[in-house]
Structure formats: C-alpha cells, structure tokens
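Reviewing the structure listed below.
The values are calculated or read from the model by the stated rules, or taken from the named source; none is laboratory data. Please read all numbers here as calculations on a predicted model, not as lab measurements. For neighbour counting, all protein chains shown are included, and Cβ atoms are generated from backbone atoms with ideal geometry for every residue, glycine included.
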Amino acid sequence: MSIKEKLTEDMKTAMKAKDSARLSTIRMLNSVLKNREIDQRRELSDEEVVAAISTAVKQRRDSIEQFKAGGRQDLVEKEEAEVAILMAYLPQQLTEDEIRDIVKAAIAETSATSGKDMGKVMKVIMPKTKGKADGGLVNKVVKELLGA
C-alpha cells in the first residue's frame, strides 16, 4: 500500500471516528500533495511524498519555536499534535547514535579532516538519511565530529 493510499484510508477512518485533528491534518497533507502533483503534472512517487511530509514536519517544528517565543501555548500544542500525526507517515527515524555512525563512516570515506570538508561529507550522508532524520540534527553531528 502506498503512502497516499494509506492517507486516504486513514482519512476515512478519521471521518468515521469524528477525529477532527487527524482529519484536518490529513486533508492539509493531501492538499499539499495534490498541489505538488499539479505543479509537476504527474503522480508523485513515495519518495516525493516522504519529502513533502518531511517538509511539512519541518514547517510545524519551526512554527512551534516561533509560538513558544511568542508565548502561545495553545498553538504550540496544536502544532505538536500535527507533528505527531505526520510522523506516523514517515519512515522510522534514525537515532542520534545511528546518525553518528553514518557520519563517522562518511568522514572516513571522504577523508574529511576539518569544517571545510563539510560539503563533501554532507553529500555522502544526505542520501542515506533523507526522510529518516532531521537535517538540523545531521548538520549538528557533522559539525561536532569535524570540529567545525
């Protein structure tokens, strides 16, 4: 079952259960996916759907930070609930230790020695972590291990 099919099934389930939070989040995600399909004039692959979901999660996390700074706890809770719903459609996320192992292997593979080599290391790492790890966390680990 593709991710889009799962979204459709979950939307029907949310309608029957009258779960308005899940329903509105899935509808928002379906709208984003439909807009991307219209822009590209073709059906999205599962990888592209995962990328769209990752973008939506990142946007929600940025909003959470802004709402916390503004003292809007009600909006923080709403965004956190949406993140939890969206995360269910992403592949299993890598732990920080797993990311460290990938980064160490990439550093060894590229013979990187300093922060100047960060671009080479990131080029090796990103295909392995795309959709499975937060880019900010990956970036932080790379900087830490390269001493940048």
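Tabulated values for the structure
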item	result
Top-ranked residue in region 42-58 [being within 18 Å of the chain's Cα centre (by Cα), exposed (fewer than 14 other Cβ atoms within 10 Å of the Cβ) and free of Cβ contacts under 8 Å to residues at least 60 places away in the same chain; ranked as nearest to GLU9 (Cα to Cα)]	ASP46
Some residue of region 90-106 being crowded, with 16+ Cβ neighbours inside 10 Å, at pLDDT 95 or above and part of a helix (DSSP H, G or I)	no
Only one of ASP74, ASP62, ASP39 that is closer than 20 Å to ASP134 by Cα and loosely packed, with under 15 Cβ neighbours inside 10 Å	ASP62
Condition met for VAL121 (assigned by TED's automatic domain parsing to the domain that holds GLU9, part of a helix (DSSP H, G or I) and either over 18 Å from the mean Cα position of the chain (by Cα) or closer than 22 Å to GLU9 by Cα (or both))	no
Pair list, Cβ < 8 Å and 6+ apart or interchain, from region 107-124 residues that are of a type in the set (Ser, Thr, Tyr) to residues that are assigned to a helix (DSSP H, G or I) and exposed (fewer than 13 other Cβ atoms within 10 Å of the Cβ)	none
